[in-house]
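Scroll down for the structure; my scribbles are underneath it.
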């Protein structure tokens with residue numbers, strides 16, 4: 001732009017800005033339009049400027065590069081963002097996609113003329129809808145981070161999204177869909193993609209962040225830091241790792257259809273070994289519970305799986321946020337089916353006879369359990385009684401600390 005000289009026409013593609021920074025390119029074009037140049041024609045992100053042309057305002061056709069593309073979106077979603085201190089969302093993410101392209105770079109070294117390195121050029125496309133007028137200082141903040149440490153590897157501070165520069169959110173009309181895309185960059189082969197929205201230039205100023213809420217998504221989206229940002233997807237070995245949600249109940253060996261509280265249904269379970277099997281010390285029970293969310297949940301419940309001996313004494317248990325702490329109930333969507341596996345190991349000491357296997361949920365802060373009711377609405381208690389096993393008798397030699405299991409016929413092993 002600094003060497004236009006006596007040119008009569010200048011052709012510019014704002015989506016292919018290299019080697020200029022996109023902010024510098026926009027500033028240069030604005031300088032030309034303030035001078036002798038005007039817009040001869042424009043479409044889909046490119047401009048033909050002519051010296052002496054009277055038009056200084058970008059036509060609508062120029063902004064078609066921010067519109068959705070034809071074809072099915074990779075991930076159709078509905079994630080709402082609500083400004084601080086307000087109840088109604090003002091912005092919605094309606095779809096996103098990710099592209100990770102491996103690139104072989106030849107190393108120019110006289111000592112190793114045939115050496116090369118492999119990089120992964122990643123970009124994320126985000127499509128939005130304005131639900132209300134948006135503030136002028138609103139910033140869309142996609143970022144790439146280390147999934148294990150949380151360290152941000154790359155964001156849009158130095159490499160902003162071109163679409164947001166030319167068609168910033170405060171210009172978006174209510175209901176229109178606008179797509180933005182990060183500049184392709186090498187962030188490695190193992191990372192995750194996060195997304196936030198803020199009225200600030202500094203992501204660390206949490207008071208400026210908008211709250212996110214996931215209403216619909218075919219894959220699992222995770223919310224963090226008081227729901228101020230959402231993890232969209234992880235990448236391992238250069239490949240996006242989809243975690244698909246399931247909304248179809250499986251075929252169950254033990255259907256029960258018990259309601260826990262108002263928002264969760266225990267569809268049934270699978271268990272190994274089968275109910276009624278004989279158990280002895282060291283043997284394990286593997287239990288998979290199948291839950292279904294009936295509505296959005298504001299509470300993160302803890303699941304308990306308990307085994308009681310013949311005296312009703314709790315002899316084995318596992319209490320955990322679903323899926324080993326990795327999928328709290330606040331992330332579940334209405335209608336979603338969640339499989340959840342637990343492992344109980346039989347201890348050395350117990351009362352022989354029938355052992356009851358039970359499960360349920362409780363509020364972690366108070367310990368209050370969710371009431372369990374059947375399909376007719378009758379409350380059955382505060383735990384779902386799933387079935388019984390048989391605990392083998394144990395014989396111990398007094399004072400010797402030696403115990404063994406007594407099998408049928410009185411034979412001691």
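Rule-based calculations on the coordinates, nothing more; no lab input. Bear in mind that the values here come from a model prediction, so they are computed numbers and not experimental data. Glycine also receives a Cβ, built like all others from the backbone with ideal geometry; neighbour counts cover every protein chain displayed.
Descriptive notes on the structure:
- Ranked 389, 58, criterion: other C-beta atoms within 10 Å, fewest first: 58, 389
- Taking the longest Cα principal axis of the chain as reference, the axis of helix 22-34 is set at about 30 degrees.
- Max mean-square fluctuation residue, GNM over the chain, Cα-Cα springs under 10 Å, options 99, 366, 251: 366
- Taking 0.36 nm per residue of sequence separation and removing the Cα-Cα distance, the residue 288/residue 86 pair yields an extension gain of 68.7 nm.
- In this calculation the C-beta distance from residue 57 to residue 78 is compared with R0 = 35 Å, giving a FRET efficiency of 0.55.
- GNM on the chain, alpha-carbon springs under 10 angstrom: the most fluctuating residue among 249, 142, 347 is 347.
- Read-out mean projected area of the Cα convex hull in nm², derived from the coordinates shown; its label in (i) 32.5; (ii) 24.1; (iii) 28.4: (i)
- Stretching the chain fully between residue 326 and residue 202 yields a gain of 41.8 nm (0.36 nm per residue, less the alpha carbon separation).
- Estimated FRET transfer efficiency (residue 177, residue 236; beta-carbon r; R0 30 Å; 0.05): 0.45
- Note on residue 64 and residue 185: with the Förster distance fixed at 22 Å, the Cβ-Cβ geometry gives a FRET efficiency of about 0.30.
- Spin-label zone in the stretch 205-234 - amide nitrogen under 17 Å from a point set 7 Å from the Cα of residue 365 along the C-beta vector: 225-227
- Cα centroid separation - the stretch 312-353 against the stretch 241-289, whole Å: 10
- Distance in nm between pseudo-label sites at residue 314 and residue 48 (7 Å out along the Cβ direction from Cα): 7.7
- For the stretch 254-397, the relative contact order works out to 29 percent when only alpha carbon pairs closer than 8 Å and six or more residues apart are counted.
- Contour excess over end-to-end distance, with Cα ends at residue 252 and residue 6 and 0.36 nm allotted per residue: 80.8 nm
- From its DSSP helices (H runs of at least four residues, each -39,500 (n - 2.57)), the chain gives a residue-normalised ellipticity at 222 nm of -1000 deg cm²/dmol.
- Beta bridges from DSSP with both residues in the stretch 127-260: antiparallel share about 95 percent, rounded to the nearest 5.
- Ranking of 242, 181 by neighbouring Cβ atoms within 10 Å, starting from the fewest: 242, 181.
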